[in-house]
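The values are calculated or read from the model by the stated rules, or taken from the named source; none is laboratory data. Just so it is clear, the model here is predicted, and its values are computed rather than measured. Note that we place each Cβ from the backbone using ideal geometry, even for glycine, and neighbour counts take in every protein chain shown.
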């Protein structure tokens, strides 16, 4: 709750901040990779890997509001060794592609610093593949949607390059899973403003008008 109040206080303070306009094209995104191994007993080791890339491009309109498109591709795989050698190991992977609109509103603190509110909505489509014992194979179709609202902070190290820090924020995800005529649906609502969800990235401001050019 304290973190949420701090974010809201910064947003409110930004309305009285120094006036400066963003312009041109915003290019930003995120790239994540994770790999882990979990020892289940003396012999079996659970292995899991994941990779996600999420680029966005948006065009500034008025009042430091950027509107554009975002896309996401994620891949994850895992190996779950069987306790019974007669059953065989379970190997699986998930491939998911998403695309949709993105909006970002900046609130200037000074000439180099700004906070922003980032929102996006994506339609997602993909597949999950599971294989057990090298012979039993299952393919599951995945379809769904993801809506996200998140706060962030940008510091401009040059007129066209910024270092940004963002949090997980508020998100809603709906997912439909279908396999061999059977379908299951799930939905997730999440609010995360903790440090564990913090991400650091780079944003580019192309074709941005400088103060001298504006004058």
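When restricted to residues that are outside any strand (DSSP E or B) and touching a helix residue (DSSP H, G or I) at 6+ places or on another chain (Cβ under 7 Å), the stretch 146-184 contains 2. Out of curiosity, is residue 122 closer than 17 Å to residue 71 by Cα and surrounded by 13 or more Cβ atoms within 10 Å (Cβ to Cβ)? Yes: the conditions hold for residue 122.
Report yes if residue 188 is under 23 Å from the mean Cα position of the chain (by Cα) and closer than 27 Å to residue 22 by Cβ, otherwise no. When the stated conditions are applied, residue 188 does not pass them.
The condition of being at positive phi and either crowded, with 17+ Cβ neighbours inside 10 Å or at pLDDT 90 or above (or both) holds for only one of 88, 92, 169, that being 169. Of all residues in the stretch 95-109, exactly one satisfies the criterion of being free of Cβ contacts under 8 Å to residues at least 60 places away in the same chain, buried (at least 18 other Cβ atoms within 10 Å of the Cβ) and more than 18 Å from residue 58 (Cα to Cα), namely 96. Somewhere in the stretch 152-175, is a residue farther than 26 Å from residue 59 by Cα and more than 18 Å from the chain's Cα centre (by Cα)? Looking for residues that are farther than 26 Å from residue 59 by Cα and more than 18 Å from the chain's Cα centre (by Cα), one finds none in the stretch 152-175, hence no. Restricting the first member to the stretch 164-181 and to residues that are over 14 Å from residue 192 (Cα atoms), and the second to residues that are surrounded by 15 or more Cβ atoms within 10 Å (Cβ to Cβ) and modelled with pLDDT under 90, the beta-carbon pairs closer than 7 Å and six or more apart or on different chains are 164/201; 177/140; 178/140; 179/140. On inspection, residue 187 qualifies as surrounded by fewer than 15 Cβ atoms within 10 Å (Cβ to Cβ) and assigned to a strand (DSSP E or B).
Checking each residue in the stretch 176-215 for being under 21 Å from residue 27 (Cα atoms) and modelled with pLDDT of 90 or more picks out 202, 203, 204, 205, 206.
Listed conditions (1) under 25 Å from residue 202 (Cβ atoms); (2) loosely packed, with under 14 Cβ neighbours inside 10 Å; (3) modelled with pLDDT under 70 are all met by residue 34, apart from (3).
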